[in-house]
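What follows is a single structure, written as structure tokens, with notes after it.
Since every read-out is calculated from the coordinates, none of them should be taken as a lab result. This is a predicted model, so every value here is computed, not measured. Here the Cβ positions follow ideal geometry from the backbone for every residue, glycine too, while neighbour counts run over all protein chains shown.
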Amino acid sequence: LSRIGDELYLEPTESGLSLRAVNSSRSAFAAFLFAPLFFQLYEPGSAGPDTELFRCKVHMKSFLGVFRSLPSLEKSVGKCLILLKPRASRLVLQLHCKHGVTKTHNLAFQECERLQAVFDTQRCASRLCAPARLLAEAVVHFPPTLAEVTLGTGPGGKISLRNYVEDDAEPSKTMVTELWLAEDEFQSVAVAPGSHITFCLKEFRGLLSFAEASNLPLTIHFDEPGRPVIFTLDDTVLEVHLVLATLSDLESSSQSPSTNGVSHLPAPSDDFADDLESYMAAMETSEGCSEGPPSPTFPLRTPQPAKSKPQEEEEEEEEEEEGAVPGTPPHKKFRSLFFGSVMTPGRPGPATTQEVLAEDSDGES
Amino acid sequence: MRFRAKIVDLACLNHFSRIINTIAKLAKTCILRLTVCKLYFILSDKVANGGASMWCELSQGNFFDEFQMEGVAAEHNEIYLEFVPENLWRALKTAQSAKAVKIKLTNKHCPCLRVAVELPSLSSSSRIVTHDIPVGVIPRRMWNDFREPSVPDFDVSIYLPVLKTMKSVVERMKNLSNFIVIEANLSGEMNLRIETDLVSVTTHFKDLGNPPWASEDGCQSSAQGRDLESMAEACIDIKKLQQLLAGQQVNPTKALCNIVHKRIVHFILLHEEGSLQYFIPAIA
């Protein structure tokens, strides 16, 4: 969660304790739901007829500081108590250690509204499920500094991962890496043919290391470019969601000729002697093929007032917020995730539209 | 112009990758020269490189199971490509468990070296990773810029100390000064010295030995008739020396340097698989 945002949102619910984070550009959201059974004792408190269960957010660094050295914690700490004291404005983290030592940390918190990204895995046309190790092995071929990666489907049911090269980067200077995975390496594959999405690798890597460490299979739900990609991990006592914004196509993508609908590439066959030769020969002959139909332009929707709907866990519609972003424009990479989707060329002006996953519904920011 | 090559042996792949790693540490961009029998990595002594130049020569048979090339023309059966060695290193770095690695010169949107790695996988078919490394084709008229540098008329030639030791000395000196003086004599003695306003540090090496150089035509070179104790020195950019030493992960079979007093230091590192020469000019 700390790889995503600087603030940790704690939300006790009847179905468990939810820990959430969102990044500053609102293009990444993660939620970890720990079921009551995960804990030795779980009391979410009581919600009155008019009040909801208490929620708060704390500084990520302060929270992490309590659990600083995991190996030594595992050796010395017997129990950990997390106590929310609304009236004292403190989140208490109490570590009961060996030799009768108790370490009590009192963290200041801020009350907050519900942090909820708008997404629906049911609405995603494509779904992949793979052991975390497979994805970790795939991602290792890309440099640690790579910002964005494109996940796509190719001929023969193969799944590809390729580094995303920005439109304004010089093609003659940029190295392009592409990895192909066979369908049977995945636990399940249900994808719309010719689909592809581009998302930020950095935030995904965080979830990937968690998945690897807990040995849980990872499910990727995705749809059209521009709609968020949702990564989920499921366990008996833990449910994890990571939602990332994806790049939407403005025009036909020349970056991935092998992943659009028109593709003449034979899938690399099983016998290697033919595998690479025919694949590489086919890559050469496909030089002349057309780029494929252009993707639809991302529709511009009228802005709606930012409103949170605490009752609904998942919304059907994505809401956009007309947020005039003052001051310095955000880092270029996020700019493309956000603004590129709705800026038509030649359009003047600083008024930019954000595809917001999690509304900033509390009045203070 | 065609080039395709294949490595299947993991040890060969490993060696080749290590050499590419060394090259990548020495040069941001360099020239790859391909001939029927050899590969060369060349950095010419332009001002942009700080005047340093490099010549690395490898026999392709030591690494590749298959190696086919067709140069620009029959009587000029060579290919010269400009590329970023760091890219090639990145492609090879994660290929260390590969079943095979194929390299091919392609020209899709622009000339590229396509490195295709076939990796083992649990499924019935292998995993394939391709890396398209953009390259620039050097036209024949410019080939003369990249000829093998001749061994300079040196004053002293001496074997280098154990590279690991030399590397750790130079790394510490790098924190104190930007320039280092290498001096050596024909009695097997070498000193590495830095001098600043506040401090001067010298490390002395003895009994290094001086390589015998047969003079080609029997005439006297600068080294002959020279006083055995007299030191030839050159003050060079310490960073260049540190990069050279940092790139050597395996001890070379032979490592020596030739010093032309106050002009240039010429390093020669000989490995089983090939040789590396690196020239660092002296700072005036």
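Compute the whole-percent fraction of alpha carbon pairs in the range B:2-145 spaced more than 20 Å apart.
Of all Cα-Cα pairs in the range B:2-145, 47 percent lie more than 20 Å apart.
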Exercise. Within a Cβ distance under 11 Å of A:ALA190, other residues only, what is the Lys/Arg minus Asp/Glu net charge?
Worked result: 0
Exercise. Considering only the other residues whose Cβ falls under 15 Å of the Cβ of A:LEU218, what net charge follows from Lys and Arg at +1 and Asp and Glu at -1?
Worked result: -4
For this session: Rank by packing, highest mean first: peptides A:3-13, A:227-237, with packing defined as the count of other Cβ atoms within 10 Å averaged across residues.
Result: A:3-13, A:227-237
For this session: At 7 Å along the Cα-to-beta-carbon direction for both B:CYS37 and B:ILE283, put a label point, then send me their distance in nm to one decimal.
Result: 4.2
Seminar exercise, completed: Among B:LYS38/B:LYS254; A:LYS202/B:LYS174; A:LYS79/A:LYS202; B:LYS25/B:LYS254, the pairs whose Cα-Cα distance exceeds 31 Å are A:LYS202/B:LYS174; A:LYS79/A:LYS202
Problem set entry | Cubic angstrom per residue, convex hull over Cα atoms of chain B | 156
Exercise. Residue by residue, what Karplus-based ³J(HN,Hα) values in Hz, rounded to whole numbers, does the range B:114-126 have, using 6.51, -1.76 and 1.60 with θ = phi - 60° and x for Gly and Pro?
Worked result: 9, 9, 10, 10, 9, 10, x, 9, 6, 8, 5, 10, 6
Seminar exercise, completed: In order over the range A:82-92: 3J(HN,Hα) from phi, Karplus 6.51/-1.76/1.60, θ = phi - 60°, whole Hz, x for each Gly or Pro, gives 10, 10, 9, 10, x, 5, 8, 6, 10, 9, 9
Exercise. Which residue fluctuates the most in chain B, going by a Gaussian network model with Cα springs under 10 Å, if the choices are B:ASP237, B:ASP227, B:ASP132?
Worked result: B:ASP227
Seminar exercise, completed: So for the range A:126-247, using the alpha carbon gyration tensor with a ≥ b ≥ c as root eigenvalues (a/c under 1.5 gives rounded; past that, a/b versus b/c decides prolate or oblate), I'd call it prolate
For this session: Give the Cα extents of the range B:76-232 along the principal axes, in whole Å, largest first.
Result: 67, 41, 31
Exercise. Residues with beta-carbon under 12 Å from that of A:CYS97, excluding A:CYS97: net charge, scoring Lys, Arg +1 and Asp, Glu -1?
Worked result: +3
Exercise. For the range A:187-241, what is the largest minus smallest coordinate of the Cα atoms on each principal axis, given in angstrom and ordered from greatest to least?
Worked result: 33, 24, 15
For this session: Counting only C-alpha contacts under 8 Å and six or more residues apart, can you give the relative contact order of the range B:1-62 as a whole percent?
Result: 22
Exercise. Among rounded, prolate and oblate, which fits the range A:1-73 when a ≥ b ≥ c are the square roots of the eigenvalues of its C-alpha gyration tensor, a/c under 1.5 means rounded, and a/b larger than b/c means prolate?
Worked result: oblate
For this session: Using only alpha carbon pairs under 8 Å that are at least six residues apart, calculate the relative contact order of the range B:156-281 and give it in whole percent.
Result: 28
Problem set entry | Kyte-Doolittle mean at least 0.0, axial Cα span of 20 Å or more - DSSP H helices of chain B | B:10-26
For this session: Express the relative contact order of the range A:48-119 as a whole percentage, based on alpha carbon pairs under 8 Å and six or more residues apart in sequence.
Result: 32
Exercise. In the range B:1-80, what GluC sites (Glu not before Pro) fall in a loop by DSSP, with at most 15 other Cβ atoms inside 10 Å?
Worked result: B:GLU75
For this session: In Å³ and rounded to a whole number, note down the convex hull volume per residue for the Cα atoms of the range B:47-97.
Result: 148
Seminar exercise, completed: Looks like the range A:24-178, by Cα gyration tensor root eigenvalues a ≥ b ≥ c and the a/c under 1.5 rounded cutoff (else prolate when a/b is bigger than b/c, oblate otherwise), is prolate
Exercise. Between B:SER230, B:SER44, B:SER123, which gets the highest mean-square fluctuation from a Gaussian network model of chain B, Cα cutoff 10 Å?
Worked result: B:SER123
For this session: Taking H placed 1.01 Å from N in the peptide plane, check which residues at least 5 places from A:GLN187 or on another chain put their amide H under 5 Å from its amide H.
Result: A:CYS129, A:ALA130
